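For reference, the structure discussed in these notes is given below.
The values are calculated or read from the model by the stated rules, or taken from the named source; none is laboratory data. It should be emphasised that the depicted structure is a prediction, and the values quoted were computed from it without experimental measurement. Here the Cβ positions follow ideal geometry from the backbone for every residue, glycine too, while neighbour counts run over all protein chains shown.
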Amino acid sequence: MNKTDINKLVKYSKDRPAKEIFYDEGNIKAQIMCLKAGQVIPPCKMSNDVLFYVIEGNGEIIVDNKKEALFAGVSVIVPKEAKSRSISAKMDMVILAVQAKGR
């Protein structure tokens with residue numbers, strides 16, 4: 001078992017989105033991503049399936065040119081087959097991101 005107090009991992013950077021990896025073993029990598037309002041994670045291709053769960057804030061995610069609103073309590077699963085994904089924050093956001101590696 002691995003227990004993590006996510007509240008202690010919330011740290012923002014005024015320059016760019018911040019991330020804190022708190023678990024990376026076997027087929028799972030988990031991290032907290034913190035974005036200040038207006039910050040963007042630019043489009044990129046992931047080699048793993050990723051689940052994003054919004055803990056705080058709101059913004060949007062674009063996956064293969066399809067835009068969806070993000071807000072607290074919403075989760076999005078982005079399959080590794082997606083060609084591109086990006087996230088932008090309309091207000092400060094805290095996101096849990098979990099990658100399923102090697103699938």
Restricting attention to segment 42-73, which residues are part of a loop (DSSP other than H, G, I, E, B), surrounded by fewer than 14 Cβ atoms within 10 Å (Cβ to Cβ) and either in contact with a Gly (Cβ under 9 Å, 6 or more places away or on another chain) or hydrophobic (A, V, I, L, M, F, W, C) (or both)? A72
Restricted to segment 1-35 and to residues being among the basic types (K, R) and more than 20 Å from V76 (Cβ to Cβ), the residue surrounded by the fewest Cβ atoms within 10 Å (Cβ to Cβ) is K3
Go through (1) closer than 24 Å to K67 by Cα; (2) out of contact with any Gly (no Cβ under 9 Å at 6 or more places or on another chain) one by one and return the number of the condition D5 breaks. (1)
In this structure, does I95 turn out to be modelled with pLDDT of 95 or more, out of contact with any Lys or Arg (no Cβ under 7 Å at 6 or more places or on another chain) and among the aliphatic types (A, V, I, L, M)? yes
In segment 25-49, residues that are of a type in the set (A, V, I, L, M, F, W, C) and within 17 Å of K67 (Cβ to Cβ) total 4
Name every residue in segment 91-103 that is in contact with a Leu (Cβ under 9 Å, 6 or more places away or on another chain) and not aliphatic (A, V, I, L, M), in order of residue number. D92, Q99
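State all residues of segment 80-97 that are surrounded by 14 or more Cβ atoms within 10 Å (Cβ to Cβ), assigned to a loop (DSSP other than H, G, I, E, B), out of contact with any Phe, Trp or Tyr (no Cβ under 8 Å at 6 or more places or on another chain) and not small (G, A, S); if no residue qualifies, say none.
K80, K90
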Can you give me the number of residues within segment 1-38 that are modelled with pLDDT of 95 or more, part of a loop (DSSP other than H, G, I, E, B), in contact with an Asp or Glu (Cβ under 9 Å, 6 or more places away or on another chain) and not aromatic (F, W, Y)? 4
Which condition breaks for I77 when tested against (1) assigned to a loop (DSSP other than H, G, I, E, B); (2) within 11 Å of the chain's Cα centre (by Cα); (3) among the hydrophobic types (A, V, I, L, M, F, W, C)? (1)
